Structures are given as C-alpha cells and as structure tokens.
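The values are calculated or read from the model by the stated rules, or taken from the named source; none is laboratory data. What you see is a predicted model, and the numbers here were worked out from it, not measured in a lab. For neighbour counting, all protein chains shown are included, and Cβ atoms are generated from backbone atoms with ideal geometry for every residue, glycine included.
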Ligand code: GBH
C-alpha cells in the first residue's frame, strides 16, 4: 500500500498549503482500496456521520482586550503568578481572533464537516449582564459565515469556563444570579445566531470547571470551597444548564437542537461479562450523581444526598424541573475511563477497580490510554438514559509533538491513540449506539489551562513564535478517516 501523503501535503507552510492538500483529499473509497470487501464495509461509520474538531475561546482566541471584550476569570487567574505552568497566559494564544479565516481553511483541509467552538461570554456581555457589545457578537457572525461558506456545520458552546470577572466579583457560581445571567446570555446569543447555527451546547464539563475551579483550585477561579458551598456551586451549574436550555428554546429558530457537553465518568466493565456490564451501568448513574445523572433523571440520587448530609445542595421548588428540561442530544467528552468497574454482591452493587501505578498514559499524566472508553461511554449513555442522539464532543490526546528536522511532527503516538479509540467508536456505531458525530480535541495546539502551552493536543502544530500552523502526521490520518467516513 503506497503512502498516501506527500511532503507537500504534510509540510504545510501556514494555512494555504494544507488548503491545497484538501483539494486532493480523498472523497471516498478509491479503486484498489478493497472497498467492496465486507471487511472494509464493516469498518464504516453511519452515513451522514459528522467529523469535526473542537476548540474553546480562551484557549485559542487571544485578543483579550479587543473590540470591547471584558475580562474573565481566566484573565485574572493566568495573570496571578504561580497558577499556570511557566506563567503562560491566553493574551495571544493562537491569535485565532485574527486568523479565523485561515483556521477555517485548515479545517476544510482536514475534510471536517463540523466545528465545535466556544463563545466568550465577556465579548458579548463585557460585564456578564447589561448591555450587549455588538462588536463581540460580530466576531462570531464572521466566524459562522466563514464556516457555512466552507460547508462546515457550526456547533457553538456557550460556556467553556471563561466566566466574566464582573460576575465572579458578585459571587460567581456560588450565587443563583449567575445561573440566571447565563440563561439570559445564552438566549440572546441563540436569538442572534440560530439562523445559522443549528446546534448549541450549554456548559462544557460542569464536572471539571466545578471540581477543579472550586474544590482543588487548579483551574480558575482557583478556590477550595468547603463541601456545603461546593455543592451549591454544583447545583448552580446544573441550574444554569437547565435555564439556558429553556431560554435557548424560547428565543431560537424552530429546529434548534440543544444539549450539554459533559465530561462524564465513563464506567468500563473490567471484563465484558453480563454481571460486570450491569455493574458498569449502575456505576454510570452513581458516579455521575452530582452532574449528568441529576440532569437526565431530574433528581439527586438518595446516595448522593445521604453522603452530603447537612451539606446537601439547597434546592428551590422548580429547580429540578428546570435542570431536567429535556435536551435534544447528549454530548460527552471522552478521554479515559472514570473507572473500571466490577460486579459486587455488597452495596452499591459494584466496585471501582483502581488503576495500577504504572498504567500507560499519553503525554499528560492523567491521560490513561483506554480506547474502550470510546465504546462504553456512548453505549452506557444510550442504555442508561435512553439517549437518542449522542455526540462525542471531545476526544484526543497530548503526544510527544516535537518537530523533526523537516519541520513535521511525526506523531505516530497520537495516530496510535486515534486509531484505537476510533476503532472502539466504530464498534459502538456498528452496534447501533446512536452516535451522530465526533469532534477531535483539538484542531490545533493551544493554551492547555494550568499546563500552559507546553502540552499540545492539536492535529496541527502551532509555532507560537510565528503563529504558523503545520499539519502533524495525525492530521493526515484524521483526514483519511473523515473523508472516507470509515477507518483506514
Ligand atoms: C478537556 O477536559 C477540556 O474540555 C479542554 O478544554 C482541554 O483542553 C482538554 O480536555 C484537554 O485537557 O491534572 O489531576 O488536575 C478534559 C477533562 C479533567 C482532563 C481534568 C484533565 C486534570 C486532572 N480534564 N483533568 S489533574
């Protein structure tokens, strides 16, 4: 089998070269590929499956003081010495605010048909509430127009962790007012953009921004709250999601689809035997109790409330109805299992099997390599909550990512990760699990939160000194899969 990529396709000099490669990207099976083999057919994803990449505003945009953007908690946090590795910050990041046209071209070069990005709340409402800032919205208008002109479906996320600082100053997620302010902002954006964006995500990863922002303090705003206040923050995040679903539905065009993008705890049966599979389903409900379980089931589990005791969240009358407002789809970010699970006769009916100390990881110590998470994640969500439409809203990895002498990153480690994870995803779709699309984290290297710029998750390598983007070898792999809609 001849190599499919050439130096020219890979060795892009900025945006246009990969764009040129796009023209020669395969658009389907080619003669001699064995596409007629059953083996090949069985590796296909469903017709219409969406292939995208994902990013977040603070991680790529830069331009933090431009066109009236107000500060967010991430500006404050990154400018507090000692919070971020190397004291990096997102002031410039990937300069995407100025380079979005090139970046959309690069997506096209990946044969992507969808793009998940986030909207910066403090560009739209610099103070979190009050008068909207039209120049902030205009950026997203331009981005949407560009995406549509390129045949790429926009999937905006309304909150990827960059709370307006003005709201933090008034209590942030510790107050209900923030949940209400979020719904107002979400409804406004949906009113303005739903003529072109059909899909909206409310919050990205409640479980991460709450636990790491308010319990361990690793992410902004860097707090370590006691249990009672922490549970109230968790509750307000859920409420924000639910009120936003209602506001978006009320103010958007008919046909708008709304969902969440949650970093669920993926429970993987330690052995694929019926008793362990059942235990993993039980564990899925239990281990996600403060977040997605409450959203999907409209109540907190007894076990969660009992464990919280006097620190349980204070829940107002209509809150649980709002929180469980039906969503049109469930988005899950899948990197590693939350837990390997085995069956147990003792309550609660399962045990979590600990990871061995030297379990293999990618280039982030937390990123354990467990491809089957991309099978069990969506499969559990479909089975446990009967979800009819599921998106993989993030999956990807940090790899070694050192350019070779010719400037190319030969990231066979990322290709290994991708091939194995996508094989498990394909297993899920071929068994009828209703996954409608896959968004790779990330389009390009970017500001990796507390890890700064040293940890790279992109399909495109970013040279931060020049802002040049260069396709990694994994970009070619991704493009082949996306263009053919099957594993290669
Ligand atoms: C996603 O979170 C984020 O949505 C995205 O913005 C981010 O860039 C991407 O992952 C890659 O990290 O070091 O012990 O504090 C994924 C879930 C949960 C993974 C928190 C990292 C940090 C654990 N994240 N975890 S620790």
* Which numbered condition residue 198 fails, given (1) touching a residue at least 24 places away in the same chain (Cβ under 8 Å); (2) within 20 Å of the chain's Cα centre (by Cα); (3) surrounded by 18 or more Cβ atoms within 10 Å (Cβ to Cβ) -> (3)
* Structure fact -> Filtering segment 434-463 for residues that are surrounded by fewer than 22 Cβ atoms within 10 Å (Cβ to Cβ), assigned to a loop (DSSP other than H, G, I, E, B) and within 16 Å of the ligand (Cβ to nearest atom) leaves a count of 5
* What tally of residues in segment 389-411 results from selecting those that are loosely packed, with under 15 Cβ neighbours inside 10 Å and in contact with a helix residue (DSSP H, G or I) (Cβ under 8 Å, 6 or more places away or on another chain)? -> 2
* Asked: What are the pairs, 6+ residues apart or on separate chains, where a residue within segment 419-448 that is on the phi > 0 side of the Ramachandran plot has its Cβ under 9 Å from a residue that is part of a helix (DSSP H, G or I) and away from the ligand (no atom under 16 Å from the Cβ)?
  -> 432/382
* Total residues in segment 389-409, condition within 16 Å of the ligand (Cβ to nearest atom) and part of a strand (DSSP E or B) -> 5
* **Total residues in segment 238-288, condition surrounded by fewer than 23 Cβ atoms within 10 Å (Cβ to Cβ), more than 20 Å from the chain's Cα centre (by Cα) and not in a helix (DSSP H, G or I)** => 7
* Asked: Do we have any residue at all in segment 154-165 that's more than 19 Å from residue 327 (Cβ to Cβ) and surrounded by fewer than 21 Cβ atoms within 10 Å (Cβ to Cβ)?
  -> no
* **Odd one out for residue 299 among (1) in contact with a strand residue (DSSP E or B) (Cβ under 9 Å, 6 or more places away or on another chain); (2) outside any helix (DSSP H, G or I)** => (1)
* segment 199-219, residues that are in contact with a helix residue (DSSP H, G or I) (Cβ under 9 Å, 6 or more places away or on another chain) and either more than 24 Å from residue 117 (Cβ to Cβ) or within 12 Å of the ligand (Cβ to nearest atom) (or both) -> 203, 206, 207, 209, 210, 211, 212, 213, 214, 215, 218, 219
* Mind checking whether some residue in segment 171-191 is more than 16 Å from the ligand (Cβ to nearest atom), free of Cβ contacts under 8 Å to residues at least 12 places away in the same chain and outside any helix (DSSP H, G or I)? -> yes
* Asked: Looking at 358, 314, which is the one that is surrounded by fewer than 16 Cβ atoms within 10 Å (Cβ to Cβ) and in contact (Cβ under 8 Å) with a residue 60 or more places away in the chain?
  -> 314
* To do: Would you check which residues across segment 360-388 are under 20 Å from residue 420 (Cβ atoms), away from the ligand (no atom under 16 Å from the Cβ) and in contact with a helix residue (DSSP H, G or I) (Cβ under 6 Å, 6 or more places away or on another chain) and list them?
  => 371, 372, 375, 378, 379, 380
* State all residues of segment 140-153 that are touching a residue at least 24 places away in the same chain (Cβ under 8 Å), more than 23 Å from residue 392 (Cβ to Cβ) and surrounded by fewer than 23 Cβ atoms within 10 Å (Cβ to Cβ); if no residue qualifies, say none. => 141, 142, 145, 146
* What is the one condition in (1) assigned to a helix (DSSP H, G or I); (2) within 14 Å of the ligand (Cβ to nearest atom); (3) farther than 28 Å from residue 257 by Cβ that residue 166 does not satisfy? -> (2)
* Asked: Are any of the residues in segment 469-485 closer than 26 Å to residue 259 by Cα, touching a strand residue (DSSP E or B) at 6+ places or on another chain (Cβ under 8 Å), modelled with pLDDT of 95 or more and not in a helix (DSSP H, G or I)?
  -> yes
* Quick one: would you say residue 337 is out of contact with any helix residue (DSSP H, G or I) (no Cβ under 9 Å at 6 or more places or on another chain), within 16 Å of the ligand (Cβ to nearest atom) and closer than 23 Å to residue 273 by Cα? -> no
* Qualifying positions in segment 341-355 - surrounded by fewer than 22 Cβ atoms within 10 Å (Cβ to Cβ) and either under 20 Å from the mean Cα position of the chain (by Cα) or outside any loop (DSSP other than H, G, I, E, B) (or both) -> 342, 343, 351, 352, 353
